[in-house]
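Take a look at the structure below.
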Amino acid sequence: MDPDAVAKAFVDHYYSTFDANRAGLASLYQEGSMLTFEGEKILGSQNIVTKLTNLPFQQCQHRITTVDCQPSGPAGGMLVFVSGNLQLGGEQHALKFSQLLLLPCWS
């Protein structure tokens, strides 16, 4: 499989799910997954989803501008760097965002 295609497909799925139904992200995290958000470390799928569903906005739309990926080691994982704009419901101006994702074995 082409790593760039895998990364793009994952990013498209992740952010469309985030925008439509954040609770639906639970299956994309594992119990050993960690989210670091503004200095806070959140461990485990359910805790991560709780954090994401309790963010202080209900509606949002991610507009992805870059997806860069590279292998993360001999086990076959992948680092994916995403950047773009985040439009919050009711806000005039979009926010810039970036996120680094570590995907487990993808081959």
- Item | Rounded to whole Hz, the Karplus (6.51, -1.76, 1.60) HN-Hα couplings of the range 29-37, x for glycine and proline | 10, 10, 5, x, 5, 10, 10, 9, 10
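For the chain, which whole-number percentage of the solvent-accessible area (1.4 Å probe, protein heavy atoms only) is attributable to carbon and sulfur atoms? All intermediate terms of the calculation are to be shown ahead of the outcome.
Details: 3660 of 6760 Å².
Here it works out to 54 percent.
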- Query: Per residue, how much accessible area does the chain have with a 1.4 Å probe, in Å²?
  - Reply: 63
- Search the structure for amide H atoms under 5 Å from the amide H of C60, placed 1.01 Å from N in the peptide plane, and list their residues when 5 or more places away or on another chain. G89
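Only Cα pairs under 8 Å and at least 6 apart count here; give the relative contact order of the chain as a rounded whole percent.
Details: 166 pairs, mean separation 22.6, N = 107.
Answer for the chain is 21 percent.
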- Query: Tell me, what HN-Hα J-couplings in whole Hz come from the Karplus equation 6.51 cos²θ - 1.76 cosθ + 1.60 at θ = phi - 60° for each residue of the range 2-13, using x for Gly and Pro?
  - Reply: 6, x, 5, 5, 4, 4, 5, 5, 5, 4, 4, 5
- Query: Hey, got a sec? Which GluC sites (Glu not before Pro) in the range 5-107 land in a DSSP loop and have at most 13 other Cβ atoms within 10 Å?
  - Reply: E31, E38, E91
- Message: Can you give me the long-range amide H partners of S72? Hydrogens built in the peptide plane at 1.01 Å from N, cutoff under 5 Å, separation of 5 or more residues or another chain.
- Response: G77, M78, L79
- Note on the structure: Of every Cα-Cα pair in the chain, the percentage lying beyond 25 Å is 19
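The values are calculated or read from the model by the stated rules, or taken from the named source; none is laboratory data. Owing to the predicted nature of the structure, the values given are computational and were not obtained by experimental measurement. Every residue, glycine among them, receives a Cβ derived from its backbone with ideal geometry; neighbour counts consider all protein chains shown. Quick note on the areas: whole protein, heavy atoms, side chains included, nothing else; ligands and nucleic acids left out. Shrake-Rupley method; radii C 1.70, N 1.55, O 1.52, S 1.80 Å.
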